[in-house]
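The values are calculated or read from the model by the stated rules, or taken from the named source; none is laboratory data. All values reported here derive from a predicted model rather than from experimental measurement. Note that we place each Cβ from the backbone using ideal geometry, even for glycine, and neighbour counts take in every protein chain shown.
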Amino acid sequence: MSGLPQWTPELIQAEIDALKHKPGALLPILHAIQDKFGYVPPEAVPQIGDALQQTRAEVHGVISFYHHFRTAAPGTHTLQICRAEACQSMGSRALEAHAKASLGVDYHGTTADREITLEPVYCLGNCACAPSVRIGDDIHGRVTPEKLDRLVSRMTTRALELK
Amino acid sequence: MTTRIFVPCDTTALAMGADTVAAELAQQARSRGAQVEIIRNGSRGLFWLEPLVEVETPDGRIGFGPVEADDVAALVDAGLFEGNAQHPLALGLVEEIPFLKNQQRLTFARAGITDPVSIEDYRALDGFSGLEKALQLDGQQIVDEIKASGLRGRGGAAFPTGIKWQTVLNAPAEQKYIVCNADEGDSGTFADRMVMECDPYMLIEGMAIAGLAVDATQGYIYLRSEYPVAHRLMNQAIERAYAAGYLGDNLMGSGKRFDLEVRLGAGAYICGEETSLLESLEGKRGLVRAKPPLPAIVGLFGKPTVVNNVLSLAAVPFIMDKGGETYASYGMGRSLGTLPMQLAGNVKRGGLIELAFGATLRQLMEDFGGGTFSGRALRAVQVGGPLGAYLPESQWDTPLDYESFAAVGAVLGHGGVVMFDDTVDMGEQARFSMEFCVVESCGKCTPCRIGSTRGVEVIDRIRANDNRDANLELLADLCDTMVDGSLCAMGGMTPFPVQSVMKHFPEDLQR
Ligand SMILES: Cc1cc2nc3c(=O)[nH]c(=O)nc-3n(C[C@H](O)[C@H](O)[C@H](O)COP(=O)(O)O)c2cc1C
Ligand code: SF4
Ligand code: FES
């Protein structure tokens, strides 16, 4: 994932050490690792388990329970489309179909050029200006298929400029 | 003289382009040498007008909206910097817009007026006077004030807040916790988000008061990861509140202590359920705990814990400042005070509407909402989030209070109203309810975990006209099993929207 550092055991350990003293530290640690490296590498699981005196199974169980955490590198950008009711009432089903067809991926898939990972999300709190999508930390409202295409092309041109 | 111009910074305003509008306004001011200060306020919740640009004038704040970056130059030409109203986007005095003027804003009184992270702005509008009062009282007196207000939890179950606090106050322990449920997973709801993005100190103040009331020194806000803007603003506000002595070990110089931290969820709807939320805060999978014991007695890390919704805690500063009786003078029956309703989906004028309990759903959708966005006929309304029933037209005159909704087999929940026009396929909506439960079930009990998967399959067969009558019977039976056999309301209420479709929109299961 461009812009993000490659993980190493030492870098992972630094994230763990910064947070392990907190009560209920596991979620904050997983967030910190994913924010930093884009995902939680499976190799980090025993390291986290050791620090928190938990088994690998326990740590893995937590990672897999939550939709937010992923264990493989995503594309450069993550595009989330809201699938919840308010967005449905404003045409999000057509928007989802359009996104899948135009990107050529299903949910949780990454485009062949590794630019965009498509994910479902259930409500972004922008329900009065539905349908909504999220790209990184930016939320967009009243998204039509045409507007989605514009957002996608902006993402990919920006990525090209970086190279 | 410098003109003050307001451009909101909440999620919806940003989603509609507020940042580019603010940048364009600044650019125009620079190039014209105009003396302008741009303030990023919270949103008033008039979301169909976002970005709503306001210009301060001697007569009050004049609004323009919805403004796109491309409109800015023409607006400035027409005299926006002077508060001139001659433009198609001009709205006149913002406070006079009927949608806003006709509300009864107690909790959202400050939303959109102030810069959300400015402590000075907050203090200028009664901020922290509830905390100041609470610091003069003992825990029991604070709890009594909350009881007098009649406040019931706004997170869905409507349990009396004063009684919950009393239980925690009475539970002896060396450590107690205040946990704010900011998981707001329901579709069509955004009032919690607005509190955190538009008036975060109100939540901080409410939680500190709760801490004083029950003798808890540590608070956590469990915030969903889907709300990045709320996360940023809430953290900023907490940092400033610490610096100014409204959090930490010497609250307003009283020697009393309250610490507060935001914890992020990770995309699990069930973590809005209070026991699952506590498991998640403890660093575990969000599996629902059987009750009893209540979290008020054995809660976070096994200690007595108040778990309250954002809106419940946000109502507290007003109650402490103006008195429980004042709050209780609003509302009807056993539903006292105000309910922030959230109007969303296919609606012309969507947004936040805080009203005393008792207005009807139709008033909300017509008088405030102005009908559908598409201009087509309204067909169904889902109230109370994904576990709430779909209401047909015959039920739109139901008053918005907990008991009236229960009487028609519906729920008010967290106050979300999602409108659908006549293009909706209610069979598809019923199927989605089951599908959502498949995705979001915590997996602890069979009726919910397996039943929802079977529910999707049965609805698919019904929609394919495969043995329709027998499958409709099977679906009814499955719904009953889920209602009766589930440990929590996820499995227990997923059938509500499905049953409402079977009852009120049966034709959509026939096509
Ligand atoms: C599946 C499920 C999801 C829930 N989601 C939320 C939520 O997102 N926010 C919330 O405040 N309460 C939610 N609740 C209700 C909480 O369990 C609990 O009743 C509430 O946080 C108590 O606070 P209150 O008394 O202030 O309403 C949910 C309940 C269930 C069963
Ligand atoms: S009803 Fe569903 S979500 Fe609730 S405890 Fe059972 S399996 Fe978990
Ligand atoms: S339902 Fe899509 S943003 Fe809330």
- Item | Among (1) more than 16 Å from ligand 1 (Cβ to nearest atom); (2) within 9 Å of chain A (Cβ to nearest Cβ); (3) of a type outside the set (Ser, Thr, Tyr); (4) touching a helix residue (DSSP H, G or I) at 6+ places or on another chain (Cβ under 7 Å) - the single one B:Met426 does not satisfy | (2)
- Message: Would you confirm whether or not the stretch B:261-282 contains a residue that is surrounded by fewer than 18 Cβ atoms within 10 Å (Cβ to Cβ), assigned to a loop (DSSP other than H, G, I, E, B) and within 14 Å of another protein chain (Cβ to nearest Cβ)?
- Response: yes
- Query: Among the listed residues B:Val36, B:Val76, B:Val67, which satisfies the condition of being β-branched (Val, Ile, Thr) and either closer than 27 Å to B:Val347 by Cβ or modelled with pLDDT under 95 (or both)?
  - Reply: B:Val67
- Query: Which residues, taken from the stretch A:63-78, are in a loop (DSSP other than H, G, I, E, B) and either within 16 Å of ligand 1 (Cβ to nearest atom) or among the polar types (S, T, N, Q) (or both)?
  - Reply: A:Tyr66, A:His67, A:His68, A:Thr71, A:Thr76
- Message: If I filter the stretch B:341-353 for residues that are crowded, with 21+ Cβ neighbours inside 10 Å and out of contact with any Phe, Trp or Tyr (no Cβ under 8 Å at 6 or more places or on another chain), do I get at least one hit?
- Response: yes
- Task: Looking only at the stretch A:109-122, decide whether some residue is at the interface with another protein chain (Cβ under 8 Å from one of its Cβ atoms), surrounded by 20 or more Cβ atoms within 10 Å (Cβ to Cβ), in contact with a helix residue (DSSP H, G or I) (Cβ under 7 Å, 6 or more places away or on another chain) and not β-branched (Val, Ile, Thr).
- Result: yes
- Note on the structure: Reported set for the stretch B:1-36 where residues are among the charged types (D, E, K, R) and either out of contact with any helix residue (DSSP H, G or I) (no Cβ under 9 Å at 6 or more places or on another chain) or within 14 Å of chain A (Cβ to nearest Cβ) (or both) is B:Arg4, B:Asp10, B:Asp19, B:Arg30
- Note on the structure: Given the conditions (1) charged (D, E, K, R); (2) closer than 22 Å to B:Cys437 by Cβ; (3) buried (at least 23 other Cβ atoms within 10 Å of the Cβ), every one holds for B:Arg285 apart from (3)
- Check on A:Glu115, touching a residue at least 12 places away in the same chain (Cβ under 8 Å), closer than 23 Å to A:Pro5 by Cβ and among the acidic types (Asp, Glu): yes
- Among B:Thr453, B:Thr423, B:Thr481, the single one that is in a loop (DSSP other than H, G, I, E, B) and either at pLDDT 95 or above or more than 16 Å from ligand 3 (Cβ to nearest atom) (or both) is B:Thr423
- Task: With the checklist (1) assigned to a helix (DSSP H, G or I); (2) away from chain B (no Cβ under 11 Å) in hand, flag the one item A:Gln34 doesn't pass.
- Result: (2)
- Limited to the stretch B:242-279, what total is found for residues that are in contact with a Cys (Cβ under 7 Å, 6 or more places away or on another chain) and among the hydroxyl-bearing types (Ser, Thr, Tyr)? 1
- Query: Assuming A:Ala128 fulfils every condition listed in (1) more than 16 Å from ligand 1 (Cβ to nearest atom); (2) closer than 30 Å to B:Ala13 by Cβ; (3) within 20 Å of the chain's Cα centre (by Cα) apart from one, which condition is it?
  - Reply: (3)
- Message: Against the condition assigned to a helix (DSSP H, G or I) and over 30 Å from B:Leu313 (Cα atoms), how does B:Asn471 come out, does it pass?
- Response: yes
- What number of residues within the stretch B:445-478 are touching a residue at least 24 places away in the same chain (Cβ under 8 Å) and crowded, with 20+ Cβ neighbours inside 10 Å? 10
- Query: Which of the following residues is aliphatic (A, V, I, L, M), assigned to a helix (DSSP H, G or I) and buried (at least 17 other Cβ atoms within 10 Å of the Cβ): A:Ile81, A:Ile48?
  - Reply: A:Ile48
- Item | Unique match (being within 21 Å of B:Gly413 (Cα to Cα) and charged (D, E, K, R)) among B:Glu440, B:Glu507 | B:Glu440
- Query: Is there a residue being more than 13 Å from A:Thr78 (Cβ to Cβ), more than 16 Å from ligand 2 (Cβ to nearest atom) and among the basic types (Lys, Arg) anywhere in the stretch A:125-139?
  - Reply: no
- Query: Among B:Arg289, B:Arg257, which is away from every other protein chain (no Cβ under 13 Å) and within 16 Å of ligand 2 (Cβ to nearest atom)?
  - Reply: B:Arg289
- Message: Going through A:Tyr122, A:Tyr66 one at a time, which residue ends up being farther than 26 Å from A:Pro5 by Cα, at pLDDT 95 or above and within 16 Å of ligand 2 (Cβ to nearest atom)?
- Response: A:Tyr122
- Note on the structure: The lone condition B:Val383 fails out of (1) under 21 Å from B:Cys488 (Cα atoms); (2) in contact with a Ser or Thr (Cβ under 7 Å, 6 or more places away or on another chain); (3) within 14 Å of chain A (Cβ to nearest Cβ) is (2)
- Query: Can you list the helices (runs of 4 or more DSSP H) found entirely within the stretch B:105-196 that contain at least 2 residues being more than 16 Å from ligand 2 (Cβ to nearest atom) and of a type in the set (Ser, Thr, Tyr)?
  - Reply: B:161-170
- In the stretch B:390-418, anything closer than 21 Å to B:Met502 by Cβ and within 12 Å of chain A (Cβ to nearest Cβ) is listed as B:Tyr390, B:Val418
- Item | One residue from B:Glu226, B:Glu197, B:Glu205 being within 13 Å of chain A (Cβ to nearest Cβ), under 18 Å from the mean Cα position of the chain (by Cα), surrounded by 24 or more Cβ atoms within 10 Å (Cβ to Cβ) and more than 14 Å from ligand 1 (Cβ to nearest atom) | B:Glu197
